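This report concerns only the one structure given below.
The values are calculated or read from the model by the stated rules, or taken from the named source; none is laboratory data. As the structure is a prediction and not an experimental result, all values here were calculated from the model. Using ideal geometry, Cβ is built from the backbone for each residue, glycine included, and neighbour counts are taken over all protein chains shown. Each accessible area value is taken on the protein alone, full model and side chains, heavy atoms only, with ligands, DNA and RNA left out. Shrake-Rupley method; radii C 1.70, N 1.55, O 1.52, S 1.80 Å.
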Amino acid sequence: MKIGLYFGTFNPIHVGHLIIANHMAEHADLDQVWMVVTPHNPLKKKSTLLADHHRLEMVFLATEDFPKIKPSDIEFKLSQPNYTVNTLVHLEEKYPEHAFSLIMGEDNLKSFHKWKNYEAILVHHEIYVYPRLDATAENTLFKNHSKIHLIDAPVVEISSTSIRENIKKGKNVLPLLTPKVWEYIDHNNFYKK
């Protein structure tokens, strides 16, 4: 099975994440998309970042109606700080029957050459890239690379940061979240302080 890995803090997961993940699952050469929840770095204190298990639960709630999209806590079990190349090695050992690819925005592709062992990632894995409005300058380093696929996905500019700020201000963010994710946030009084 060909799995696309979509990494993020998902703090919170919103409809923009789901639009991209679903588009990749339906239109790219992928069988499934795994939403990999990035753990909280214990060296950084960030009060706005919910505990790992809360963010994972929201990803479960958001994706349960999408059979091709699965939540993943794989990075919770790895030593920190973690690098994508290490996660890929771990996944290959744990699931040798799967082929893993990365999903990233154009903005991340521009800095991909700064990632740890990015050359090794490109040798062994394909990368599916979705468009971003803020990715203005084209990265010629990866232009026409055989392992990098630019996917004509919808441009979605919804920000988890903006959602958190608007919840704190008492604004209505319902259109940006699935109903179950909103209920979970509201029930637990998340992001209100």
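Figures for the structure shown
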item: Residues of the range 176-193 satisfying the condition of being under 19 Å from residue 63 (Cα atoms) and open to solvent by less than 100 Å² (accessible area, probe 1.4 Å); result: 176, 177, 178, 179, 180, 181, 182, 184, 185, 186
item: Candidate set from the range 103-144 (those that are open to solvent by 80 Å² or more (accessible area, probe 1.4 Å) and of a type in the set (D, E, K, R)); member that is modelled with the lowest pLDDT; result: 138
item: Residues of the range 156-174 satisfying the condition of being within 30 Å of residue 126 (Cβ to Cβ) and surrounded by fewer than 14 Cβ atoms within 10 Å (Cβ to Cβ); result: 157, 159, 161
item: Pairs where the first residue, in the range 72-83, is under 16 Å from residue 102 (Cα atoms) and of a type in the set (S, T, N, Q) and the second is open to solvent by less than 50 Å² (accessible area, probe 1.4 Å) and not in a loop (DSSP other than H, G, I, E, B), C-beta under 8 Å, 6+ apart; result: 72/5; 72/34; 72/35; 72/36; 72/37; 82/75
